[in-house]
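Student: Quick one: the structure is below, and I'll ask about it shortly.
Rule-based calculations on the coordinates, nothing more; no lab input. Just so it is clear, the structure is predicted and the values come from calculations on it, not from any experiment. Because the Cβ atoms are built from the backbone with ideal geometry, glycine has one as well, and the counts that use them run over all protein chains shown.
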């Protein structure tokens, strides 16, 4: 991948508030670019490292801070660790104003990042409160809280979400569900981790039969 452009983050999408990708109401940023190409990924449009939209970090920080009553930020993708330096800058900029929690998805294992990750990736780990690690494996799909397959782990990197995570898991380790939206162009899309494998393909086919186009 090309070196990160200073002050710029390449993203696939942003959405707020979202309640199905982490604790409470969250501002979610899907970064652009991923080399894992997991079979069954629900956002393959985010793989192309040259795709998406290049956005100034200050603009994204301003957008996050303008979101009312959010508890934190969720970083998804794409692969956030490919733009670790930019994400560190984003988090630090936001936290100068508000103490928001940060949750992050990655296809890497935590141990790999700790032992072999770049300096920027290891600094990003230090900014995170909750990490979900591991690639999505379609054959191991599960109905799980905030993650898609049984190999993926919920890892607390701080104590911020300890009590809420214990409470949620005590209520049942199951999907937080999906949220559905229509954008200004009239396109329909969903956010969240489906409880069933192959959800997007089946859902797109059913909606298309009704004349509705699904957007990733």
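Student: So how do 146-154, 81-89 stack up, highest first, on mean other-Cβ count within 10 Å?
Tutor: Numbers: 146-154: 18.8, 81-89: 23.0.
Top of the packing list down: 81-89, 146-154.
Student: Provide the packing ranking of 164-172, 67-75, i.e. peptides ordered by the mean count of other C-beta atoms within 10 Å per residue, highest first.
Tutor: Details: 164-172: 12.1, 67-75: 19.3.
Top to bottom by mean Cβ count within 10 Å: 67-75, 164-172.
Student: Using mean Cβ contacts within 10 Å as the protection proxy, how do 96-107, 48-59 order, highest first?
Tutor: Values: 96-107: 19.7, 48-59: 14.3.
Per-residue Cβ counts within 10 Å, averaged per peptide and sorted highest first, yield 96-107, 48-59.
Student: Also: Once label points are set 7 Å from the Cα along Cα→Cβ at both residue 153 and residue 69, what is their separation, rounded to one decimal in nm?
Tutor: Calculated label separation equals 3.6 nm.
Student: For the chain, what is the relative contact order in percent, using Cα pairs closer than 8 Å and at least 6 residues apart in sequence? Working shown, then result.
Tutor: Details: 426 pairs, mean separation 38.8, N = 216.
So the answer I get is 18 percent.
Student: With both partners inside the chain, how many of the DSSP beta bridges are antiparallel, as a percent to the nearest 5?
Tutor: Working: 20 of 34 bridges.
Roughly 60 percent of the beta bridges in the chain run antiparallel, per DSSP.
Student: Using 0.36 nm times the number of residues separating residue 114 and residue 98, minus their current alpha carbon distance, what extension gain do you get? The partial results should precede the final answer.
Tutor: Numbers: separation 16, 0.36 × 16 = 5.76 nm, distance 2.73 nm.
The residue 114-residue 98 span can extend by a further 3.0 nm.
Student: Would you calculate a helix-derived [θ] at 222 nm for the chain, using -39,500 (n - 2.57) for each DSSP H run of n ≥ 4 and dividing by the full residue count, to the nearest 500?
Tutor: On the way: 6 runs with 56 residues, N = 216.
That calculation yields -7500 deg cm²/dmol at 222 nm.
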